[in-house]
Structures are given as C-alpha cells and as structure tokens.
Amino acid sequence: MVEEVAQQPSRNHLPARAQVVIVGGGVIGASVAYHLTGLGWSDVLLLEQGTLSCGTTWHAAGLVGPLRASESGTRLVQYSAELYASLEAETGLAAGYRNVGGLIVARTEDRMVQLRRTAANAVAYDLPCELVSPERARELWPPMRVDDLLGALWLPGDGKVDPADLTQSLARGARMRGARVVERVRVTGFGVADGRVTGVRTDRGDVEAEVVVNCAGQWAKALGDLVGATIPLHSAEHFYVVTDAVPGTHPDLPIMRDPDGWTYFKEETGGLVVGGFEPQAKPWRSPDDLPYPFEFQLLDEDWEHFSVLMEQALLRVPGLEETGIRKLYNGPESFTPDNQFLLGEAPGLRGFFVGAGFNSVGIASAGGAGRALAEWIVAGAPQEDLVAVDVRRFAPFHGDHTWLRSRVSEVLGLHYALPWPNRELESGRPQRTSPLHDRLAAAGALFGTRMGWERPNVFAPALEYTWGKPSWLPASAAEQRATRTDVAVFDQTSFSKYAVSGAAALTALQWVCAADVDVPVGRCVYTPFLNERGTYEADLTVTRTGADSFLLVSSSATTVRDLDWLARHGVPARDVTEEYAVLGVMGPRSRALLSSLSPDDWSEEGFPFATSREVGVAGVPVRATRMTYVGELGWELLVPVADAGAVYDAVHAGGAADAGYYAIESLRLEKGYRAFGRELTPDYGPVEAGLVFATDLTGAKDFLGRAALAAHRDALAGGGPRRRLVSLVVSSPEPMLWGGELLLRDGAPAGQVTSAAWGETVGACVGLGYLRHAAPVTSAWLAGGRFEVDVAGERYAVRCSLRAPLG
Ligand SMILES: Cc1cc2nc3c(=O)[nH]c(=O)nc-3n(C[C@H](O)[C@H](O)[C@H](O)COP(=O)(O)OP(=O)(O)OC[C@H]3O[C@@H](n4cnc5c(N)ncnc54)[C@H](O)[C@@H]3O)c2cc1C
C-alpha cells in the first residue's frame, strides 16, 4: 500500500498523455494493464467510468475451466489458472482462486460420445482428465442424483476464482509496475489522425495516447462505432441463483456441469450457485441504448425465464426442492456472433485495440487473453494463432444491431449444446446470397454460412447432425463421384477476391507473397502470405491479369484480415468479392463441356494448368482460371454477377452435377490440399506444412518471412523437436472422422487430426494431421510405426504418410 501511494500521489489525477490508454476497468482491462506492464510498458493509464469491476465482472460466477475446443484456447485458460493461483504471492492481494476440479456429466449417449472425444483431446493437449462412472461422479459430488446418468468426465484442473478480487489483484500488480488506474472517468470519444488513434476524449478532458485498448465490455460496441471499428457484440441477460445451505457441500466441492440440463453448479458459502445456458436466450438492450451510470447493478429478476434452468437443476439435485433461494442474479453479458471473443487491432485504425465480447467466459479467459493482447500490442502483431478470436474475422455488416440481437439469442445456448460436427448457426440468416441462390435452393441445396454468405454444403433431402455417418453422406459421396469421374459445378461465389493494380503493385506483392508472382500475364501462382515469424497469415492464388494488375483469390472467411494485411504492407488492393460469382466446373469431362459452350481453346496446350484468361461461355464474357481445389481437371469461372444465372444454366444443362462444400472438403483431403485456419495457421510455417515448394525460398527474391522460413528449414536439417503435417487414411471404412481426433503411434499420443472427411474414392475417412516427434518426421519413421486414431474412445488403425492418398 505504501509503495502505491508513493508511486501515485493522487490516484484521481488524470494525466494529459500516456503511451497506452485502456478503456474499462473490468477483469479484461485490468489483465491487459497487468500484462503490458509485465512486458515493460509502464506508461499505462486505465480509465474506468465507475469503479473497478463494477460492470459485468463483479457478479460473475467465477468458473475457470481450462479444457476448450482448441489447443490454443486450452493453453490460454491454462495460463489464466496458473496466474490466478500465483497472484497473491506477487501482489499481496488474493484472487480467491481454488483448484477444486470439475465434473461434466452425461445423460445421453451422444453426450457420452462428446465426453469421450473431449477426453482424447485432453490427452492430445497433455491435460489431466478421466472418464468416470456415475457412481464415482457421485462420490466426487455427493448432492447429485446419478441414476439417469451414463457417465462423467473428471477434470482435476478446473477451478474457481473471485472475479472482483481477481480484478483488484491484477490492477494492483499493474500499479506496482507503474500503471495508473483512474476511476470515475468516462471516455466519450477518440482522437484520430491519418488512420491512427491519437488519444481519448473524456468527461474530464483529453488524454493523448499512442495506443488505445477498448476493454469496455458491453459498451465496447458503441465506443467502436464512434471511430468506425466494428466490434460485433450484444448483451444478453445471464442468470444464476445462490441457494441456502445444501447438505454435502464444502468450499472444495468441485464445479459440476450438467450440459444436457443446460446447468452448472458450484459451492458458495455453504450453498450452491446454480446457473446455466438456456437454449433460447433473452437479449438485453441494444449496444447504443445502454444505461449510464450502470455500476454494480443487476437486471430485473425473471423467474419465468429462469424456470427452464431451475427445473433441470431440481432434477439433478433433488435436495434443492427443500432449499431456499438467497438471491437471483441477472446480469448483462456480451455475446458475439460466433461465441468467440474479440481480440486485436481494428482494421483500418492503427493503434486501436479491442478486448471484449467474452461470451460468459471472460473470467476464465482474462489471464490468457490479457497476455495475448499485451504481446500483440508490444510486438505490433499477434505472437500465436489467434485467428479464431481475431476481431478481423468480422466485417462491418456484422455490426448491425438488429442482426446481432437475433444472433445472440442463439449463441448463449451454444455453450452447453452438443457441439455437432459441421454445426451451422440458424439465426440471422440469410445475410449474403450468391446470384445462384434460388436456383441452388430449388435444386435441393442445404446451405451453410461463411462470412455471411449462404453456401451449398450438400444437395440432399435433409441435414442431420450426428457423430457417426450422417444421412446426407450418400448424397455427398455421389457429388464426389461426379467430380472424380464426370463433371460437377460448385458455387464458390463466396471466395474473397481482391484487385491489385498500379505501378507499385508488383513490388508490393513480391514482398508480401512468399512465392514469385512476377510471372507472365495470364499465369496463376499459389502462394502464402507469411509473417515475420515465417508462419501463415493467408493462403491464396495470385493471377497476373496485366503488366500492373493482379487478381487475388482467397478464403471466404478471411476478407477483412487479408485486406488489412495488404493495406499494412502497402499493397493497393480493392475488394471485388461482390462483383463476381464464381462457378467451379470440375471433373474429367469439364473440358468437353466447356468446349461445347465456348468458341475458345480449352485444350491442354491452349489452356494449360495455372493459367487464366478471358473467354466466352454461353455467350457471356468470363475469366476462366485453370485451378483446382478438388484435384481434377477443371476451371474456376469468374462471372459478372448479372450473368451468373445464364452461365450456371448452360453448364447445368450440359450435364454438370450440383455439388457442395462437404464434397470439396472430402475431395481436397484425398488430394492432401491444406486449408487456411486448419492446417495453415499462424502457429505453423511451410516447413511443417510440407509446402516449402510453394514459396520462393530457393529463388533470389526477398519476401516477408523469408529469414524465419530459412531458419525453420535449417533447424529441420539440424535436428530438434518436430511437427509435421501428414495425410492419413483410416484402414476401416466403419468409423466417421470429423477432425480433432487424437493420433497415436505405437500406443502413445503423437498428434491430432486437423481436418477429416469421408473420401468416397478412397472408400474410407481421410484427413490431415500434425504429428510431433523429437526427430524429423520422415517416411521411414512413419513406415516404422503403428498408427491409430482415437474415435470417441475406439482406436482404429490409420495409415499416415507424407503423400496424400490420391496425391
Ligand atoms: C451471471 C454471469 C455469470 C458469469 N459467470 C462466469 C464464469 O463463471 N466464468 C467466466 O469466465 N465468466 C463468467 N461470466 C462472464 C464474465 O463476467 C465476463 O465475461 C467478464 O466479466 C467480462 O469482463 P470485461 O472486462 O470485458 O467487462 P466488464 O466487467 O463489464 O468491464 C468493462 C468496464 O468498462 C467500463 N466502461 C464502459 N464504458 C466506459 C467508458 N466509456 N469509459 C470508461 N469506462 C467504461 C465499465 O464501467 C466496466 O467496468 C459471467 C457473466 C455473468 C453475467
């Protein structure tokens, strides 16, 4: 205390400038301040409109569960738990962390499959975890009824924390290293000049800053809107009750989750906290209509809405029938369109960072998210794979308040819903449709979404979610056969497309593209964008359309991050995604079909692989590019939107079968083609992905990431721990793989599947996965091991190879 007073003579003094201003003194803002100062940036000013933790943080239940759906998510919360356990020793203020362990119980066989898959994930992430019987679960958690349960998962690493104490402790740690925390200052606007943030405006005057971090919780959206930064989140009401004393509880009682009843339970002062994630949530007020002041406040009780959860809680803990309720807590929490939080620098506004939208796991995530954001700020770039939470996965159209409202009603319930493979969200659709949408719908397309686009997944009577083989699989298999043996048409309009032109275009592109794109006009190059660490930022094709003009075609989901990357590196790019439909005409008969619809030369000599030119198809001028993501002879036709229907009709009348994205997934995996976001992420580079050939490392040009890439290659030659992407084929046609499964070599954990699907030509599930090994992963090492894949607890032999099954 003495030292704080010494460092901060007047706590309430508002300085005129700081290197970093953090807006919001909830657990996230406090964690960012703690970690920034930990990295040596001490000129940090945290501004809070009320007092610390007064927004959403103070009334959180405080559950901290490290096991997440992805390895990066798991590591993030694991770090949080370690930090919370050690804070008191550092700051002198306890965060109230208790490592009590956690149980997840299963009422249904489908839930058991999920728990078995989760247990295998935990092995892959090296996280302690055990499947236990209902009886054992009851020993661990005596107040519950277990006669209707099939089993449970025991997670010894789970814990609970006091959110308000945690925030105070983090803020104390930040202050001890020089940060200033000023309460009762409301940020009302921002200074911006030349695409950079220059500071904040407050109700007590302006503060200049190089970096502003928006950690304003549910208020973050409206603050972002002031400077055109899209921060898509919306509050929903979120509930729990605290009960009177319940026999059998004690402070170290584990956390218990009953996801089939949407509820969780934790001990608190001798009673239970009973909360949950009801399937149909109740959105709160619009982001531009939030009250001020709003400090340590709750929302109105709504017992009727809570009854959905209470009925389920009584079923699990019958003793609650006799127990009084001390209080119903109803607080607003921010939810995002995809149930992942929002981190990073806003595209188009340098120095403006965000850490918000924590979807009810902000307490658990705060440590790891705060560290990741602080590292991003200090280094100027993310230091690990944060693609899933990167704010650049959203575009301005995601910021519509009416749309967000409808989406969050669904998102809150996803927490405990079965995480089905290929699950698509249903609310707020459609947002963006291709000009072929009605035709494809009439042809029986079942749509999914990516970057708001409706995209045909499969042409089948009905969608089915299952862990096993779905009822739509035969339809997808037929689409795969049509592509491999005849011809199929894919609507790939959602591809991101950027036009790059001007005198500076080539030089700028040569720097960001790891492959050499200084090629003759009409040639097409497959290239990554690498960062300075030599790992993936994007994976795309670049076509030279003229001496000074290029067309870039990238993944549907990455438009905003790609354009941001290009802008940061001085590449003059224009988004032309919405100007063209894309029809993929793929299969051995594609040449004959297109020749019959066109006066142009489609022969091998006249139209070689990786070339592109303007041609006529069905009387329409289109750009045809001979490229394939399914591994067959084929062309991607870039068609002006107004003419897309005519071209599709002609191709269809010529016998091309309709095919969708599930078929693409299967076809690309049989060929070993990698996907950005799965195999290619900021955690991996071309050496590990086996794609050095798609870079110019042996050439003369310099490019972003070259030095790091060369170092990776040299390290590989010099020994040391390795990760390597391999193709895999399951030896039995029985099991269904979806990605995420554990891989084993000679019975020991060896890696994880990144993508998997049914491969119709191979006649079994196929996939890609990273293996870890202490020495280089070679064909001999692969051939010398007995590989298996763990599919929900069952092990199947699998063939792992550096070559794709149809490579
Ligand atoms: C009922 C309930 C139970 C929960 N249980 C859990 C749990 O068990 N585990 C878990 O991990 N998470 C849980 N959460 C979620 C967790 O509480 C949140 O994710 C987390 O608190 C979000 O922290 P934050 O810092 O982003 O937001 P907040 O705590 O809301 O902080 C934002 C701060 O910004 C300030 N601010 C806003 N605008 C301005 C401005 N213009 N100028 C200055 N200051 C401003 C606000 O006053 C506020 O203090 C729960 C949430 C609820 C509602």
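Annotation for segment 552-660: chymotrypsin sites (Phe, Trp or Tyr not before Pro) lying in DSSP loop with at most 12 further Cβ atoms inside 10 Å of their Cβ are 609. Summed over all non-identical Cα pairs, the Kirkwood treatment of segment 116-252 gives a radius of 20.4 Å.
Whole-Hz Karplus values for segment 635-646 come out as 10, 9, 9, 8, 10, x, 3, 5, 9, 4, x, 5 Hz, taken residue by residue from phi with 6.51 cos²θ - 1.76 cosθ + 1.60 and θ = phi - 60°; glycine and proline positions read x. Around the amide H of residue 447, modelled in the peptide plane, lie the amide H atoms of 457, all under 5 Å away and 5 or more residues distant in sequence or on another chain.
With a cut-off of 12 Å between beta carbons, the residues surrounding residue 268 carry a summed charge of +2, where Lys and Arg count +1 and Asp and Glu -1.
Taking amide H atoms as placed 1.01 Å from N in the peptide plane, the amide H of residue 658 lies under 5 Å from those of 489, each 5 or more residues away in sequence or on another chain. With the convex hull constructed from alpha-carbon coordinates only, segment 188-281 shows a mean projected area of 9.9 nm² over all directions.
Rounded to the nearest Hz, the phi-derived 3J(HN,Hα) couplings of segment 212-223 under the Karplus curve 6.51 cos²θ - 1.76 cosθ + 1.60 (θ = phi - 60°) are 10, 10, 8, 10, 8, x, 5, 7, 4, 5, 5, 5, where x marks glycine and proline. Dividing the C-alpha radius of gyration of segment 520-638 by 2.2 N^0.38 Å, with N its residue count, gives 1.13.
At a 10 angstrom cut-off on C-beta neighbours, averaged per residue, how do the peptides 615-623, 662-670 rank from highest to lowest? It would help to have the intermediate numbers written out before the result.
Values: 615-623: 18.1, 662-670: 27.1.
By packing density, highest mean first, the sequence is 662-670, 615-623.
Taking a quarter of the surface of the convex hull around the Cα atoms of segment 415-478, what do you get in nm²? It is 5.1 nm². Over segment 660-777, the alpha carbon radius of gyration divided by the compact-protein estimate 2.2 N^0.38 Å works out to 1.16. Within the same chain, aspartates and glutamates fewer than 8 places from residue 469 are excluded, and of the rest, those with a Cα less than 14 Å from its Cα are 110, 734, 760. Where Lys and Arg each count +1 and Asp and Glu each count -1, what net charge lies around residue 435 among other residues with Cβ under 14 Å from its Cβ? Neighbour charge sum, excluding residue 435 itself: -4.
Could you sort 234-241, 100-107, 539-546, 731-738 so that the peptide with the highest average Cβ count within 10 Å comes first and the rest follow in order?
Per-residue Cβ counts within 10 Å, averaged per peptide and sorted highest first, yield 234-241, 100-107, 539-546, 731-738.
Note that the chain presents 36 Å² accessible area per residue, ligands and nucleic acids not counted, probe 1.4 Å. Taking N as the residue count of segment 1-137, its C-alpha radius of gyration divided by 2.2 N^0.38 Å amounts to 1.39.
Per-residue 3J(HN,Hα) values for segment 677-694, derived from phi via the Karplus relation 6.51 cos²θ - 1.76 cosθ + 1.60 with θ = phi - 60°, read x, 10, 7, 10, 9, x, 8, 10, x, x, 5, 5, 7, x, 10, 4, 4, 8 Hz in sequence order (x marks Gly and Pro).
Count the net charge of all other residues whose Cβ sits under 12 Å from the Cβ of residue 678, scoring Lys and Arg as +1 and Asp and Glu as -1.
Values: positive: 668, 674; negative: 385, 539, 665, 679, 683.
It works out to a net charge of -3.
Summarising the amide proton neighbourhood of residue 132: residues at separation of 5 or more, or on other chains, whose placed amide H is nearer than 5 Å comprise 152, 153, 154.
Relative to the longest principal axis of the Cα atoms of the chain, the long axis of helix 303-316 makes an angle of roughly 90 degrees. Within the accessible surface of the chain, defined with a 1.4 Å probe on protein heavy atoms only, the carbon and sulfur portion equals 52 percent.
Global size of segment 722-807: 11.6, 34 Å for Rg and Dmax (C-alpha atoms, Rg to one decimal, Dmax whole). For the chain, the Kirkwood estimate of the hydrodynamic radius, built from every pair of different alpha carbons, is 28.0 Å. Across every pair of non-identical alpha carbons in segment 56-194, the mean reciprocal distance, once inverted, gives a Kirkwood radius of 17.5 Å. At a threshold of 8 angstrom on Cα-Cα distance, excluding pairs fewer than six apart, so keeping six or more, what relative contact order does the chain reach in percent? Relative CO of the chain lands at 11 percent. Rounded to the nearest 500, the helix-only mean residue ellipticity at 222 nm of the chain stands at -8000 deg cm²/dmol, with each DSSP H run of n ≥ 4 adding -39,500 (n - 2.57).
State the antiparallel share, in %, of DSSP beta bridges confined to the chain, rounding to the nearest 5. Each step should come with its number before you reach the end.
Numbers: 131 of 159 bridges.
Here the antiparallel bridges make up roughly 80 percent for the chain.
Take residue 388 and residue 723, extend 7 Å from each Cα along the Cα→Cβ direction, and tell me the distance between the two endpoints in nm. Rounded to a tenth, the inter-label distance reads 1.3 nm. Cα axis of helix 706-717 to longest principal axis of the chain: angle in degrees, 0 to 90, nearest 10? Roughly 90 degrees, rounded to the nearest 10. Counting only Cα atoms, the size of segment 604-717 along its three principal axes is 54, 32, 27 Å, in decreasing order.
Relative to one another, the C-alpha centroids of segment 655-713 and segment 210-272 are positioned 39 Å apart.
Which three semi-axes in whole Å describe the equivalent ellipsoid of segment 164-239, each the square root of 5 times a Cα gyration tensor eigenvalue, listed largest first? Walk me through the intermediate numbers first.
Details: eigenvalues 102, 82, 25 Å².
Each semi-axis is the square root of five times an eigenvalue, giving 23, 20, 11 Å.
The values are calculated or read from the model by the stated rules, or taken from the named source; none is laboratory data. Here the structure is a predicted model, which is why all the values come from computation and not from measurement. Virtual Cβ from ideal backbone geometry, glycine too; neighbours counted across all protein chains shown. Areas reflect the complete protein model, heavy atoms only, side chains present, ligands, DNA and RNA absent. Shrake-Rupley method; radii C 1.70, N 1.55, O 1.52, S 1.80 Å.
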